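Okay, so here's the structure we're looking at.
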Amino acid sequence: MLIIAYGLTPAFAQAASHSASKTVLVLGDSLSAEYGLARGTGWVALMERRLQEKKIAANVINASISGETTSGGKVRLEKLLSQYQPDIVIIELGGNDALRGLALSASETNFRDMVAMSSAAKAKVLLVGMQIPPNYGRDYTERFFSIYGKIAKESKTALVPFLLQGVADKPQLFQPDRIHLIADAHPIMLDNVWLHLYPLLISSAK
């Protein structure tokens, strides 16, 4: 949905000062695709609403698919970049790679390629970090989590350290499958993302 900016306060005027509207592309998995939720209650929909409330002109494209992996995201990204020409790309992937025990080296390469593709298309990137349960083994879980920080540091990419900060340790916020979150958790997830997204919104310009 295209959000038109009007009546901006000085605090938010900078967000729309460079161009009429920013396009934000979200490339994610079920955590961003409202799996098991009523439409409009996931963190991406809440982000769109917050942008509107704050009078920040933005067009949000949610290209998230339940079950998506980093390899699937990389395959789809080229077309999405060409079609939408986003100013900002939010990459929320990796969880399914880890849950399937896929090679971490492949996930790392896919992340690196997606960041490079987005940067080549003149889009700023926000990488969203994820952790997996310790039952996958300490070495695997720690190496998996470290990928996000490593990629962000080497590519100077903005990073959300952990999407589920503040909700992962609260069983009551999970759906019965113990993997996906209920609607009450998504405002917290949005806050985790917003902290790092907002600086990109006010600085991105083509």
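Exactly one residue among A168, A183, A106 is under 27 Å from A58 (Cβ atoms), at pLDDT 95 or above and not basic (K, R), and that residue is A183. Among the residues of this structure, D97 does not count as one that is part of a helix (DSSP H, G or I), over 21 Å from Y198 (Cβ atoms) and either of a type in the set (A, V, I, L, M, F, W, C) or open to solvent by 10 Å² or more (accessible area, probe 1.4 Å) (or both). The set of residues in region 118-165 being out of contact with any strand residue (DSSP E or B) (no Cβ under 9 Å at 6 or more places or on another chain) and within 15 Å of P86 (Cβ to Cβ) consists of A120, K122.
Condition test on R49, is it assigned to a loop (DSSP other than H, G, I, E, B), among the charged types (D, E, K, R) and either modelled with pLDDT of 95 or more or under 15 Å from the mean Cα position of the chain (by Cα) (or both)? So R49 does not fit the description; no.
For every residue, the table says whether it meets (1) small (G, A, S); (2) surrounded by fewer than 20 Cβ atoms within 10 Å (Cβ to Cβ); (3) modelled with pLDDT of 95 or more.
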site	(1), (2), (3)
I4	no, yes, no
T9	no, yes, no
Q14	no, yes, no
L37	no, yes, yes
V44	no, no, yes
E53	no, yes, yes
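Is it the case, given these coordinates, that L127 is among the hydrophobic types (A, V, I, L, M, F, W, C) and under 26 Å from L200 (Cβ atoms)? Judged against the criteria, L127 is a match.
Just one residue in the set M114, M130 is in contact with a Gly (Cβ under 6 Å, 6 or more places away or on another chain), at pLDDT 95 or above and under 20 Å from A33 (Cα atoms); that residue is M130.
Residues in region 55-88 that are open to solvent by 70 Å² or more (accessible area, probe 1.4 Å) and part of a loop (DSSP other than H, G, I, E, B): I65, Q85.
The values are calculated or read from the model by the stated rules, or taken from the named source; none is laboratory data. Remember, predicted model here, so these are calculated numbers, not experimental data. Cβ coordinates were reconstructed from backbone atoms using ideal geometry, including for glycine residues, and neighbour counts include every protein chain displayed. Just so you know, the surface numbers come from the protein's heavy atoms only, side chains and all, with ligands and any DNA or RNA stripped out. Shrake-Rupley method; radii C 1.70, N 1.55, O 1.52, S 1.80 Å.
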